[in-house]
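The values are calculated or read from the model by the stated rules, or taken from the named source; none is laboratory data. All of these numbers come straight from a predicted model, not from anything done at the bench. Glycine also receives a Cβ, built like all others from the backbone with ideal geometry; neighbour counts cover every protein chain displayed. Areas reflect the complete protein model, heavy atoms only, side chains present, ligands, DNA and RNA absent. Shrake-Rupley method; radii C 1.70, N 1.55, O 1.52, S 1.80 Å.
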Amino acid sequence: MLSYTIRRVGQLIPVLLGMVFIVFMMIRAIPGNPAQLILGQQASKQAIEELTKQLGLTEPWYTQFVEYMKGLFQGDLGMSLKTRNPISDELWPHLAATIELAFVAMIIAVIIGVNAGIISAWLQNSWFDYGVMLIALIGISMPIFWFGLMEQYFVSIQLDLLPTTGREDVRAPIEAITNLYLLDTLIQGNFSQFIEVVKHLILPGIALGTIPMAIIARMTRSSMLEVMKSDYIRTARAKGLKMPLVVYKHSLKNAMIPVVTVIGLQAGLLLGGAILTETIFGWPGIGTYIYDAISSRDYPVIQSGILVIATLFVFINLIVDLLYAAIDPRIKY
Amino acid sequence: MSSPVLNVHRLKTAFATDDGEVTVVNDIDFHVNAGEVLGIVGESGCGKSVTSLSVMGLLPANGKVHGDIVFKGENLARASDQKMRSIRGNEIAMIFQEPMTSLNPVFTIGSQLIEALKIHKKMSKKQAQQLAIAKLKEVGLPRAEELMKDFPHQLSGGMRQRVMIAMAMMCSPQLLIADEPTTALDVTIQAQILELMTKLNSETDTAIMMITHDLGVVAEMCQRVVVMYAGKIVEEADVVSLFKNPKHPYTVGLIRSVPDMRGKKERLYSIPGNVPKPGSIQTGCQFAPRCEHAMERCFQETPELTSLAEAQKVRCWLYVESKGEGAVDRTIS
């Protein structure tokens, strides 16, 4: 297991390098001069040339790449063309907001999805099974923006139970330490603010978690059905084990192997693709941040945003692979 | 003669399918005496495995058992789930055909071995492990201590079947049901496994119900034999009478289709036709369409199981009036 982990982590290095290179080249392949963009339409030719030189854009691409890599190693992602702030300072609060939201959404999706799938498989062709599969089908088919708006209308406006938008109560702003507000409020020991953060997370968390939940429930059900037909489950029953033990111990561990893959993929998607949810719930996440950067052609920000999301995806895949090896002893490379 | 440990009376097992109820095991009677080895023989699809699963109470959800299955005074056909669980793996254990898939791939051999002890004998983990190591040694596995920590995929098929046998013997059951335990193994390993089972049978008081289509296995191990065809018992005899003096044309056919080592290079006999599909039951004797001695009567009336000699019963019209002086060719070629 240890040597597998080391090898698998070692394999990350070329993947990450390749990824940085592709993102770097892609941005440069887009036509248009960044200096022109910064200075605007009215800028003189001389000023543009000067800025181009100042930005290092006259250097050959490999020199630029080396400089860029040097910056990355020092945590320097460059500067935003729009705000003139270092991107690393701007990006983290947005990323933290997205991570927090995706985390809550995945917790909801995994806990409900996996259990619903298990019980559906256990009680195959029962009313519970039909009900869960119908809800899962609706969950997959439902447009997230519509569902988010319905949540806001019924839960926030009609029933006035939870806040509609944002991460915090604007009248009592949270002092950011890590920018993960759940963590920050706990560190500060401010319990009422923690409750406030949880309240803000519930609606967008459910909206974002519904599709993964439905996918996970269906995947778990079909995987469990497959496993429960197998010979070793018959062996377990022949030993006189109780059904809960047969289902939750003997079947689940085997059935989780494909489910873990799906959970990993969904988690990666949530981190990058939560723009709809973020927009509806006024969530200052990374999706909104990149969307704004694209609108204003803020290339360094786009580049950094893509890089960060891609890196997260790679790391989630690493975790999935390590989980595989932890679940399935047959996996040894 | 010792008393029967298992007494099956008028057992009828049917499955509810889309095409209505299909009877797979039809009205069978047999018993297993304490400490003996009973063979149940027949082609694939004749109801042997369903009989064993009926005894274990491990039929799929659409299966239904009628009749009595009396084990030590308890009617298993009407026992509660809880009662069945306390017997399964404890007093009646089972070994399956496929050692490659009958062990759970994600748990260690040790943890799978001690499970039954923990639930049935309420043993501590440590005690159970010691007993498991002793059992592994008993079934002839080397380096038992290390094996406990191994996973099933690290073992060969023969080793896995030995583990399965050790697992079945953990609680010292009174009855061991072996469903084609050697079919999936190669010939040398088959012999070793049979030898092991014979040894366990003689050293403990565990009776074995050996389900097989292999007459070689029967000759090697069993004291009494029940021959099944299309869900019915067609002949029941002690092993010597069965091979020396088979009565039912089906039994004769089975014995004739065993290759003979003593020269005579002729084409190996095979019984013409196939086992009828469960549910396509015709009137009269089920074997009649394939029988070379079939008479008019065989297609119209179903014969009863008739006692011929001591401990030999046959279900065939040939023996009803003439009491054993039938037209069946008794030479075993």
Using the Kirkwood radius over Cα pairs, work out the Stokes-Einstein diffusion coefficient for segment A:32-76 at 20 °C and 1.002 mPa s, in µm²/s as a whole number.
187
What is chain B's relative contact order, in percent, from Cα pairs under 8 angstrom and six or more apart in sequence?
20
Could you tell me the center-to-center distance, by alpha carbons, between segment B:163-224 and segment A:297-333 in angstrom?
51
So what's the back-of-envelope 222 nm ellipticity for chain A, counting only DSSP H runs of four-plus at -39500 (n - 2.57) apiece and dividing by all residues, rounded to 500?
-23000 deg cm²/dmol
Between beta-carbons, use under 12 Å as the cut-off and find the net charge around B:PRO276, counting Lys and Arg +1, Asp and Glu -1.
+2
Computing the accessible area with a 1.4 Å probe over protein heavy atoms, can you report the carbon and sulfur percentage for segment A:69-166?
72
Check: C-alpha center segment A:233-283 vs C-alpha center segment A:22-46, spacing in Å is 45
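I need the shape label for segment B:4-222. Rule: rounded when a/c is under 1.5, else prolate if a/b > b/c, else oblate, with a, b, c from the alpha carbon gyration tensor.
prolate
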Listed residue (A:ILE22, A:GLN42, A:ILE119) projecting farthest to the positive dipole end of segment A:1-121, Cβ model
A:ILE119
Summed over the other residues with a beta carbon less than 14 angstrom from that of B:GLY63, with K and R at +1 and D and E at -1, the charge totals +3
Degrees separating the helix A:191-228 axis from the principal Cα axis of chain A, which is the longest one
60
Between segment A:138-204 and segment B:250-304, what is the separation of their alpha carbon centroids in Å?
75
Cross-link pairs beyond the 30 Å C-alpha cut-off, checked among B:LYS12/B:LYS118; A:LYS242/B:LYS64; A:LYS253/B:LYS126; A:LYS229/B:LYS12; B:LYS48/B:LYS313; B:LYS232/B:LYS265
B:LYS12/B:LYS118; B:LYS232/B:LYS265
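Please give the contour-minus-distance gain from A:LYS249 to A:LEU123: 0.36 nm per residue of separation, less the Cα-Cα distance, rounded to one decimal in nm.
Numbers: separation 126, 0.36 × 126 = 45.36 nm, distance 1.67 nm.
Working it through step by step, the gained length comes to 43.7 nm.
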Ignoring the sites themselves, what is the longest stretch of chain B with no trypsin sites (Lys or Arg not before Pro) in a DSSP loop and at most 12 other beta-carbon atoms within 10 Å?
B:1-121
Cα gyration tensor, segment B:174-324 - rounded (a/c under 1.5), prolate or oblate
prolate
Mind listing which trypsin sites (Lys or Arg not before Pro) in segment A:25-92 are in a DSSP loop and have 16 or fewer other Cβ atoms within 10 Å?
A:ARG84
Measuring from a point 7 Å past the Cα of A:LEU276 along Cα-to-C-beta, which residues in segment A:125-142 have an amide N at less than 11 Å?
A:140-142
As straight-line cross-link partners of A:LYS70, the qualifying lysines (C-alpha separation under 25 Å, not fewer than 8 residues apart within one chain) are A:LYS53, A:LYS82
Can you figure out the FRET efficiency of B:GLN127 with B:ALA311, using R₀ = 45 Å and their beta-carbon distance, to the nearest 0.05?
0.60
For helix A:252-272, what angle does its Cα long axis make with the longest principal axis of chain A, in degrees from 0 to 90 and rounded to 10?
30
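To one decimal place, what Kirkwood hydrodynamic radius in Å is obtained for the protein assembly as shown from all pairs of distinct Cα atoms? Before the final figure, lay out the partial values.
Numbers: mean 1/r = 0.0327 Å⁻¹.
One over the average 1/r among Cα pairs gives 30.6 Å for the protein assembly as shown.
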Within the protein assembly as shown, the percent of DSSP beta bridges that are antiparallel, given to the nearest 5, stands at 60
Once Lys and Arg get +1 and Asp and Glu get -1 on their Cβ, which of A:LEU101, B:ILE271, A:GLY287 lies farthest toward the positive end of the dipole of the protein assembly as shown?
B:ILE271
Report which residues of segment A:284-333 become buried by 20 Å² or more of accessible surface when going from the isolated chain to the complete set of protein chains (1.4 Å probe; DNA, RNA and ligands ignored).
A:PRO329, A:ARG330
First compute the accessible area of segment B:4-222 with a 1.4 Å probe, then give the percent of it belonging to carbon and sulfur atoms.
49
Between A:ILE202 and A:LEU2, what is the label-to-label distance in nm when each label sits 7 Å out along the Cα-to-Cβ direction?
4.7
Note the angle between two axes, namely the Cα long axis of helix A:299-327 and the longest principal axis of the Cα atoms of chain A, as a number of degrees from 0 to 90, rounded to the nearest 10.
30
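Work out the length of the dipole vector of the protein assembly as shown about its Cα centre, built from +1 on the beta-carbon of each Lys and Arg and -1 on the beta-carbon of each Asp and Glu, and round it to the nearest 20 debye.
Numbers: 60 positive and 61 negative charges, 235 e Å.
My answer is approximately 1120 debye.
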Share of antiparallel DSSP beta bridges in chain B, in percent to the nearest 5?
60
With a length cut of 15 Å (Cα positions projected on each helix's long axis) and a Kyte-Doolittle mean of at least -0.5, go through chain B and give me the DSSP H helices that pass.
B:109-120, B:157-169, B:187-203
With springs only between Cα atoms under 10 Å apart, run a GNM on chain B and tell me which of B:GLY20, B:GLY110, B:GLY89 wobbles the most.
B:GLY20
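Suppose we keep just the DSSP beta bridges with both residues in segment B:159-271; what percent of those would be antiparallel, to 5?
Numbers: 6 of 11 bridges.
In segment B:159-271, approximately 55 percent of DSSP beta bridges are antiparallel ones.
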Per DSSP H run of at least 4 residues, take -39500 (n - 2.57); add these up for chain B, divide by its residues and hand me the 222 nm value, nearest 500 deg cm²/dmol.
-8500 deg cm²/dmol
Would you mind giving the total buried accessible surface between chains A and B, with a 1.4 Å probe and ligands, DNA and RNA left out, rounded to the nearest 100 Å²?
2100
